[in-house]
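Asker: Handing you a structure now.
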Amino acid sequence: MAKAGSSMENNIQCELAEQGSPIVPSLIKYISSNEVAGFDTSDSQCPSPSPMESGATSPGGRSDQPLVIHHQRMQSVSMPLTSDEVIQPQNTKRVFFSGETVLIDGISSSSKGAAKPPHPSKCYSQPMAKDFVFPKARNGGSYSNHPGIKAFRDKRFDSFKTWSGGLERQLSILRGKSPKHPAHDPCSSFRNPDKNVPVDRYFDALEGPELETLRASEETVLPQDRKWPFLLRFPVSSFGICLGVSSQAILWKTVATSPSTEFLHISLKVNLILWFIAIALVATVFTIYILKFILYFEAVRREYYHPIRVNFFFAPWIALLFLALGVPPSVAKNLHHSLWYCLMVPVFCLELKIYGQWMSGGQRRLSKVANPSNHLSVVGNFVGALLGASMGLKEGPIFFFAIGLAHYIVLFVTLYQRLPTNETLPKELHPVFFLFVAAPSVASMAWAKIQGSFDYGSRIAYFIAMFLYFSLAVRINFFRGFKFSLAWWAYTFPMTGAAIATIRYSNQVPTIETKALCVILGLISTLTVTALFVSTILHAFVFQDLFPNDLAIAISDIKRKPHKKWFHLRHGSYDSKEIEHYLKFVNSDQVDIEASTTTQPSNFLDNSLPV
């Protein structure tokens, strides 16, 4: 029994010795220390085991020392190749993972039998240095024409572009290629290129007297999380700068040539310099807005259909009329009559549209859209009459003077009484009130030119302008405490017009008081224009906040669905009516909390629960 037990123990020890510590295959040792040859490189970067090393490290060998190969791994990025660019490796050894595989002279053998060779690989990856870049990109070049980069271009402004890909599609059709249909844009549902934004959408989506503030419940077509392109942010109201500077050229021409201001000894060179500055400014603003018209026609169209912005489309033509009035004598003494007709035809066409809407009613009726900026649509008649009378015309100036006088009376009464439908102007737009002075002051000069003297009709208009001027000037607090904006240029040409009318009046009534008034009003208007011009340059180029995103033109043409009321009470209940009554008083200009919380016995009895 003892011999049997000892033999059994020997057998167990032998089995344990055979299965005790398994030998690590040489292939795994090699993989752990280096790359597999021919796997991640076109040229073997690391030495492969020789047949002698393979035999030394094979299971049949006596040596148990691991094979150590010193190497340095290169940082690389694997780039897949196409089937045409496959690099066929040469003198590479294939590895078979079937049991304990040993490579001997390129022939695989296994203790468990040879396995079938794998299918030949079709492509190999090539190493590329980590910091490798294209030479063009290293030198700061751009890849705007690359199709992969074009796919990531911001397309949210395409709805306002003039072509929006339509030109490319037309060219593709002409070349005989089928046009590519763009992917569905979620913003495309906000804009129908064949449909104008209805006027009621401007009143529903915007608020404020100028209809420039977006309501909190509305969304815009253009993104609000970034600054828009400059042309989209350039409004038509920028022509107000041209009105202010060009009117200064008229003022200093009048000062230099009037008998009542001869004691100042002002040279016509001042008029010449200001006139050339006005020419450069008008040309710059015209060029920018024409580019906007060409590249972003949808934005211009939305400004044209805006019930308030449409009045500023008179400003470019009024600025050109000012330039014709302020032309220096050294440049031209007599202007051709055709110039007056060319400038007044666009004004007449705009008046047919604006005045027709005022008279026909609807959402664009005067009581709905009345605003001090409507004076721009009236001032053009008087400026045109003044220029025509200066050229020697008779019937045309009287025609436009009559149209301007009739509509100015209606507009003056509408704005003066401030109907309940009109909102109070915010502080930022208080300078626009000076537009009340522009029409009567220019009308007095136009009628004096038509009649040939500053008669009683001209004096009546002049005195009205002076009263409005002084009634605004004494209210100093009315024009303090607000930020700079383009609306400040509304100070300029009405004040300049009042100064010029005072000089014309002092020619008929040459007294010390009138001459002193000429100097005071002229200095005030000049200093105002100078201060505004410097402020405009600073805000445009230094602070870069002169042209913010113009949200007034980015409203959607689809009305948003109304949300349910937040209090979720049954319709017609007493609590619902009480809350609505409270919110109505809170949102009004005169906050009366006590009146809003006053109970109404009749409503309470009607909605009380039965006993």
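Asker: Going by the conditions given, is ASN334 open to solvent by less than 20 Å² (accessible area, probe 1.4 Å) and among the polar types (S, T, N, Q)? Outline the logic, then answer.
Answerer: Values: open to solvent by less than 20 Å² (accessible area, probe 1.4 Å): no; among the polar types (S, T, N, Q): yes.
Judged against the criteria, ASN334 is not a match.
Asker: Is it the case that THR254 is at pLDDT 95 or above and open to solvent by 70 Å² or more (accessible area, probe 1.4 Å)?
Answerer: Details: at pLDDT 95 or above: yes; open to solvent by 70 Å² or more (accessible area, probe 1.4 Å): no.
No; evaluated as a whole, the condition is false for this residue.
Asker: For PHE454, state whether it is hydrophobic (A, V, I, L, M, F, W, C), outside any helix (DSSP H, G or I) and surrounded by 14 or more Cβ atoms within 10 Å (Cβ to Cβ). Before you say what the answer is, go through the steps one by one.
Answerer: On the way: hydrophobic (A, V, I, L, M, F, W, C): yes; outside any helix (DSSP H, G or I): yes; surrounded by 14 or more Cβ atoms within 10 Å (Cβ to Cβ): yes.
When the stated conditions are applied, PHE454 passes them.
Asker: Where the second residue is surrounded by fewer than 19 Cβ atoms within 10 Å (Cβ to Cβ) and among the small types (Gly, Ala, Ser) and the first is touching a residue at least 12 places away in the same chain (Cβ under 8 Å) and in a helix (DSSP H, G or I) and lies in the stretch 308-335, which pairs have Cβ atoms under 8 Å and are six or more apart or on separate chains?
Answerer: LEU325/SER390
Asker: Continuing with the same structure: Only one of (1) farther than 30 Å from PHE348 by Cβ; (2) among the small types (Gly, Ala, Ser); (3) modelled with pLDDT of 95 or more; (4) touching a helix residue (DSSP H, G or I) at 6+ places or on another chain (Cβ under 8 Å) fails for ALA516. Which number is that?
Answerer: (4)
Asker: Sticking with this structure for a sec: Taking VAL285 as meeting all but one of (1) buried (at least 16 other Cβ atoms within 10 Å of the Cβ); (2) without any contact (Cβ under 8 Å) to a residue 12 or more places away in the chain, write down the number of the exception.
Answerer: (2)
Asker: Given the structure, is LYS353 open to solvent by 10 Å² or more (accessible area, probe 1.4 Å), in a helix (DSSP H, G or I) and not polar (S, T, N, Q)?
Answerer: Working: open to solvent by 10 Å² or more (accessible area, probe 1.4 Å): yes; in a helix (DSSP H, G or I): yes; not polar (S, T, N, Q): yes.
Spelling it out, LYS353 is indeed open to solvent by 10 Å² or more (accessible area, probe 1.4 Å), in a helix (DSSP H, G or I) and not polar (S, T, N, Q).
Asker: Collect the residues in the stretch 208-231 that are open to solvent by less than 80 Å² (accessible area, probe 1.4 Å), over 17 Å from LYS161 (Cβ atoms) and not charged (D, E, K, R), keeping them in residue-number order.
Answerer: Matches in the stretch 208-231: GLY208, PRO209, LEU211, THR213, LEU214, SER217.
Asker: Quick one: HIS430 ticks every box in (1) at pLDDT below 95; (2) open to solvent by less than 10 Å² (accessible area, probe 1.4 Å); (3) touching a helix residue (DSSP H, G or I) at 6+ places or on another chain (Cβ under 6 Å) except a single one, so which number is it?
Answerer: Condition not satisfied by HIS430: (2).
Asker: Against the conditions (1) open to solvent by 30 Å² or more (accessible area, probe 1.4 Å); (2) closer than 27 Å to GLN357 by Cα; (3) at pLDDT 95 or above, where does ILE279 fall short? Just the number, please.
Answerer: Result: ILE279 fails condition (2) only.
Asker: What number of residues within the stretch 447-469 are acidic (Asp, Glu) and in contact (Cβ under 8 Å) with a residue 12 or more places away in the chain? If you could, list the steps in order and put the result at the bottom.
Answerer: Let us first name the residues in the stretch 447-469 that are acidic (Asp, Glu), namely 455.
Applying the additional criterion that residues be in contact (Cβ under 8 Å) with a residue 12 or more places away in the chain yields none.
Matching residues across the stretch 447-469 total 0.
Asker: Have a look at LEU325, LEU386, LEU339, LEU320 and point out the one that is closer than 25 Å to PHE433 by Cα, open to solvent by 40 Å² or more (accessible area, probe 1.4 Å) and modelled with pLDDT of 95 or more. Walk me through it before giving the result.
Answerer: Numbers: LEU325 fails: open to solvent by 40 Å² or more (accessible area, probe 1.4 Å); LEU386 fails: open to solvent by 40 Å² or more (accessible area, probe 1.4 Å); LEU339 fails: closer than 25 Å to PHE433 by Cα.
Only one candidate qualifies: LEU320.
The values are calculated or read from the model by the stated rules, or taken from the named source; none is laboratory data. Fair warning: this is a prediction, and the values are worked out from it, not measured in the lab. Ideal geometry is used to build each Cβ from the backbone, glycine not excepted, and the neighbour counts take in all protein chains shown. Just the protein is used for accessible areas: all its heavy atoms, side chains included, with ligands, DNA and RNA removed. Shrake-Rupley method; radii C 1.70, N 1.55, O 1.52, S 1.80 Å.
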